[in-house]
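One structure is given here, and the rest of the page talks about it.
The values are calculated or read from the model by the stated rules, or taken from the named source; none is laboratory data. What you see is a predicted model, and the numbers here were worked out from it, not measured in a lab. Here Cβ is always computed from backbone atoms with ideal geometry, including for glycine, and neighbour counts include all displayed protein chains.
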Amino acid sequence: MKADSTFQSDVSLSALARIRHDVQGMHAYAVQDATGLLKLDAMENSHRLPPQLRAELGRRLGEVAINRYPGPSVDALKAALHAYAAPPEGWSLMLGNGSDELISLLAMACDIPGASIVAPVPGFVMYAMSAQLQGLAFHGVPLSADFELNEAAMLAAIAQHRPAIVYLAYPNNPTANLWDAGAIERIIDAQGAQGGLVVMDEAYQPFAAASWIDRARAEPARHAHVLIMRTLSKFGLAGVRLGYLLGDARLIGELDKVRPPYNVSVLNAECALFALEHESVFAAQAQDIRAARAALLEALAQTPGVRAYPSEGNMILVRVLGQGTHDEGAAARVFEGMKTRGVLVKNVSKMHPSLANCLRLTVGTADENARQLAALQASL
Ligand SMILES: Cc1ncc(COP(=O)(O)O)c(C=O)c1O
């Protein structure tokens, strides 16, 4: 028996060597343990469905033919999302198991030798990770000190690297701001002129004052190489895993070929269809979160010892001022203090040098935000 298990562990150890060395050197995507804590670390929508709708959804899901591969309900969902997003004429969409999957599929589809990806940093980690995993170069272009696009540096990176893809998160994570539209237009034009794609990542669109889709509708020719990526995660379905990518039908047709055939389950599709049928419930939740965000921003502005940055998402980036620039552990202390008081946020201090001593708060309900604020103030 003992000899058997030794043999087995030797076999699996030698098999480990078959896994890429760079993968073995990576850290897994970190999901914090939120057991027993108020979970405000991942920009989830704190609102649940009203009990009556939950019961209705349960009945709907009970009727789904889970013995069959996904089919008509996925097509129905695509049609419903198309109607909901109302993209320009001639655009279509593809679905992803969350926009995370779409980001991976984009890297896979554009994996031509020498291809690269450009994105502002700090930004959403999956842009760089998808590039690394697919073997593409990633060029991060630092934002300015107040987290605005460095337009000259972005244009220089486009000229130098001629990237396959430029990602622009609108609004950005973790800085939560909407970048200057003029700068974005010029980046879109430059990327189009060298024959690359731009992905406008609108994960936080339900909470933002603007969507790039209005500009795409107004000037479709200028946006022929622009894709708009959305997700239902922040809308209120983070557990369902549903992202969608909108763009010129010819582009989407090619990108869709690398998608695993049944990447969206019948349960995901049915849940998302149900949510779109009750879109007004989710719109009211988003409105509530926007109002709660305004109140939280105001309270943070009155809180000595922190600087809160403007937000167009359901998150707020906060810098802990601590004892001055050499107090490198100030945010870590506040993070731990908040956790001790039962509130889990995200310490993003180590993500990028410009985020030194920064925490990212998720905007929850008014009650949750009151608890979050009290925990923050008590931990300063
Ligand atoms: C900017 C941005 N894009 C995409 C995603 C991924 O969303 P999904 O849950 O659809 O995979 C996130 C998640 O936090 C995000 O912040």
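Summary of values
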| quantity | calculated |
| --- | --- |
| Selected residue [in a helix (DSSP H, G or I), surrounded by fewer than 21 Cβ atoms within 10 Å (Cβ to Cβ) and modelled with pLDDT of 95 or more] from ALA210, ALA275, ALA216, ALA190 | ALA190 |
| Region 83-123: number of residues that are part of a helix (DSSP H, G or I) and not β-branched (Val, Ile, Thr) | 13 |
| Test: residue in region 96-114 that is more than 30 Å from LEU317 (Cα to Cα), touching a strand residue (DSSP E or B) at 6+ places or on another chain (Cβ under 7 Å) and assigned by TED's automatic domain parsing to the domain that holds GLN191 | yes |
| Qualifying residue in region 171-184 (condition: within 15 Å of the ligand (Cβ to nearest atom), surrounded by 23 or more Cβ atoms within 10 Å (Cβ to Cβ), within 15 Å of the chain's Cα centre (by Cα) and modelled with pLDDT under 95) | no |
| Residue check, ILE252 more than 29 Å from ARG290 (Cα to Cα), under 17 Å from the mean Cα position of the chain (by Cα) and either in contact (Cβ under 8 Å) with a residue 24 or more places away in the chain or away from the ligand (no atom under 13 Å from the Cβ) (or both) | no |
| Given (1) within 16 Å of the ligand (Cβ to nearest atom); (2) within 16 Å of LEU242 (Cα to Cα); (3) surrounded by fewer than 17 Cβ atoms within 10 Å (Cβ to Cβ), number of the condition ALA85 does not satisfy | (3) |
| Hey, ALA79 under 30 Å from ALA216 (Cβ atoms), away from the ligand (no atom under 15 Å from the Cβ) and touching a residue at least 24 places away in the same chain (Cβ under 8 Å) or not | no |
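For (1) polar (S, T, N, Q); (2) in a helix (DSSP H, G or I), each residue gets a yes or a no:
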site: SER280; (1), (2): yes, yes
site: ARG293; (1), (2): no, yes
site: GLU312; (1), (2): no, no
site: GLY322; (1), (2): no, no
site: ARG333; (1), (2): no, yes
